[in-house]
Amino acid sequence: MSVITFSATDVARNFSEYVSRVNYKGERFVLVKGGKEVAELKPVPKGRRLSELSSLLSNGPHLTPEEAASFSELLHGVYRAVDDRIRTHRFAFVGNAMQKTNRHT
């Protein structure tokens, strides 16, 4: 969504309207005073901040070495399955394209 610019005076006169637009429509406004951008009115971000990630990871549940090995094995299996599907579809696509090309020659 684009950012809309309004004068700080206009926003001050109609503050409730602008807050409602931010709250209900998710709009963002840049406030201008004396021809310079001075503030931004925008929705509060939802969720957690990236700066909290380290703390969240260190305080979260931890896997035992056996669980970590099992999880790693599971992930590698998923990667292999996805890779196989991509290759299968890629070759099928190339094969179909080649057949269509050969029909037209």
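Every number here is computed from the coordinates shown, using simple stated rules; none is lab data. Source: prediction; values computed, not measured. Methodologically, a virtual Cβ is constructed for each residue, glycine included, from the backbone with ideal geometry; neighbour enumeration extends over all protein chains shown.
Some notes on this structure:
- In this simple spin-label approximation, Lys42 and Ser70 carry label points 7 Å from Cα along the Cα→Cβ vector, and these lie 4.3 nm apart.
- Region 6-32 and region 42-80 have their alpha-carbon centroids 38 Å apart.
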